[in-house]
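> Quick one: this structure, given as structure tokens, is what I'll be asking you about.
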Amino acid sequence: MASFNVLGDSHTGRGGNKPHFADARPRMSWTVQLLRGNEISVVGLQEYEPSQHGMFTSMTGGSWAVYPGLQLGRKGVRNSMAWNTSVWDLVEAHTTTIPYFHGNPAIIPYVLLAHRETGRLAWFISVHNPASTRGPAQHWRNQATAKEVALMNQLQAPAGPNEPGTPVFLLGDFNEKAEAFCAVTSGAAAQAANGGTASPCSPPGNTGIDWIFASTPGVTFANYVRMDGGLVNRASDHPLIFADATLEGEAPTVDAD
């Protein structure tokens, strides 16, 4: 699985603030190439704009599904979850909001997917918390992270006594390093794909502002990569982060195909 801030088309098009990057079409082609080349089956996307959604769905030829994409209009697309439909089936899809620039609400998706081969269920959330590029945003980041932690706790809670909880993955651009790590791992009994310890809080060394978090029970991470340079740097101003995740122990399932 991966998280990738794909650098919105509006940043690199006419009048954008990143004119030294290529236009969105070649950058999205490189993004698809990176996902395929690294055998990613599910990815949280940020700064994913309507034009890029059209490019992605065309380039993947219907082999990937995206939520919300444009199902909720142009504002909903920017944070989306995407998955390879040969690997995952959609079970449920929802959205909520977090405060973004100046506290204005931004839509974030959360989807329940079933692994086609095993029937194992997992929730996936894609988020983008506000940077301080349009004024101080620490207050809004704190509120956004608190809502994300609460959502993780809600989704991973067992349905009843002696029942297993459902693993939850929280993916995205948090615009924070240690602050995000400490808040999520302590608040949601979570772990980061690249390591570190929750109590006392000690973030991993290989870190940035993009994170992959997951429930501590039922998930084991391996082979974390923070890919920067080369094709990634041509596609975006963020690294591509990805890892292998194993769902283990008792957990809800659906009948596999």
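> Scanning for something surrounded by 15 or more Cβ atoms within 10 Å (Cβ to Cβ), part of a loop (DSSP other than H, G, I, E, B) and either basic (K, R) or in contact with a strand residue (DSSP E or B) (Cβ under 8 Å, 6 or more places away or on another chain) (or both), does the stretch 31-40 turn up at least one residue?
Checked the stretch 31-40: at least one residue is surrounded by 15 or more Cβ atoms within 10 Å (Cβ to Cβ), part of a loop (DSSP other than H, G, I, E, B) and either basic (K, R) or in contact with a strand residue (DSSP E or B) (Cβ under 8 Å, 6 or more places away or on another chain) (or both).
> While we're here: Answer yes if at least one residue in the stretch 218-236 is at pLDDT below 95 and closer than 30 Å to P164 by Cα, and no otherwise.
yes
Conditions tested, residue by residue: (1) touching an Asp or Glu at 6+ places or on another chain (Cβ under 9 Å); (2) within 16 Å of S126 (Cβ to Cβ); (3) assigned to a loop (DSSP other than H, G, I, E, B).
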{"residue": "L170", "(1), (2), (3)": "yes, yes, no"}
{"residue": "E176", "(1), (2), (3)": "no, no, yes"}
{"residue": "A183", "(1), (2), (3)": "yes, no, no"}
{"residue": "S186", "(1), (2), (3)": "no, no, no"}
{"residue": "Q191", "(1), (2), (3)": "no, no, no"}
{"residue": "N194", "(1), (2), (3)": "no, no, yes"}
{"residue": "S199", "(1), (2), (3)": "no, no, yes"}
{"residue": "P204", "(1), (2), (3)": "no, no, yes"}
{"residue": "G208", "(1), (2), (3)": "yes, no, yes"}
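> Also: Taking interchain pairs and intrachain pairs at least six residues apart, which have beta carbon atoms under 6 angstrom, with the first residue in the stretch 187-209 and hydroxyl-bearing (S, T, Y) and the second open to solvent by 40 Å² or more (accessible area, probe 1.4 Å)?
S202/G196; T207/K177
> Return the total of residues in the stretch 38-57 being farther than 19 Å from D89 by Cβ, out of contact with any helix residue (DSSP H, G or I) (no Cβ under 7 Å at 6 or more places or on another chain) and acidic (D, E).
1
> Only residues that are open to solvent by less than 30 Å² (accessible area, probe 1.4 Å) and either touching a helix residue (DSSP H, G or I) at 6+ places or on another chain (Cβ under 6 Å) or closer than 14 Å to V168 by Cα (or both): list them for the stretch 181-191, please.
V184, T185, A188, A190, listed by residue number.
> Against the condition among the small types (G, A, S) and at pLDDT below 95, how does S126 come out, does it pass?
no
> Something else now. Identify, please: which residue in the stretch 192-238 is closer than 17 Å to F174 by Cβ and of a type in the set (S, T, N, Q) and is, among those, most open to solvent (accessible area, probe 1.4 Å)?
Here the answer is N206.
> Consider Q154 carefully, then state whether it is in a helix (DSSP H, G or I), exposed (fewer than 14 other Cβ atoms within 10 Å of the Cβ), modelled with pLDDT of 95 or more and not hydroxyl-bearing (S, T, Y).
yes
> With the condition kept exactly as written, say whether any residue in the stretch 83-92 is open to solvent by 20 Å² or more (accessible area, probe 1.4 Å), in contact with a strand residue (DSSP E or B) (Cβ under 8 Å, 6 or more places away or on another chain), in contact (Cβ under 8 Å) with a residue 40 or more places away in the chain and among the hydroxyl-bearing types (S, T, Y).
So far as the stretch 83-92 goes, no, none of its residues is open to solvent by 20 Å² or more (accessible area, probe 1.4 Å), in contact with a strand residue (DSSP E or B) (Cβ under 8 Å, 6 or more places away or on another chain), in contact (Cβ under 8 Å) with a residue 40 or more places away in the chain and among the hydroxyl-bearing types (S, T, Y).
> Can you tell me how many residues in the stretch 230-257 are more than 22 Å from H128 (Cα to Cα) and either polar (S, T, N, Q) or part of a loop (DSSP other than H, G, I, E, B) (or both)?
11
> Please work out which residue is modelled with the lowest pLDDT, limiting yourself to the stretch 239-251 and to residues that are closer than 22 Å to E92 by Cβ and either crowded, with 19+ Cβ neighbours inside 10 Å or of a type in the set (A, V, I, L, M, F, W, C) (or both).
Per the stated criteria, the residue is A251.
> Here is a follow-up. Any residue in the stretch 112-122 that is open to solvent by 20 Å² or more (accessible area, probe 1.4 Å), closer than 30 Å to E163 by Cβ and assigned to a helix (DSSP H, G or I)?
No, the conditions are met nowhere in the stretch 112-122.
> Now, a different point. Only one of (1) closer than 21 Å to S80 by Cβ; (2) open to solvent by 20 Å² or more (accessible area, probe 1.4 Å) fails for N129. Which number is that?
Result: N129 fails condition (2) only.
The values are calculated or read from the model by the stated rules, or taken from the named source; none is laboratory data. What you are looking at is a predicted structure, and each value in this text was computed from that prediction instead of being measured. Positions of Cβ are backbone-derived with ideal geometry, glycine not excepted, and every protein chain shown enters the neighbour counts. Heads up: the accessible areas ignore ligands, DNA and RNA and are worked out on the full protein's heavy atoms, side chains in. Shrake-Rupley method; radii C 1.70, N 1.55, O 1.52, S 1.80 Å.
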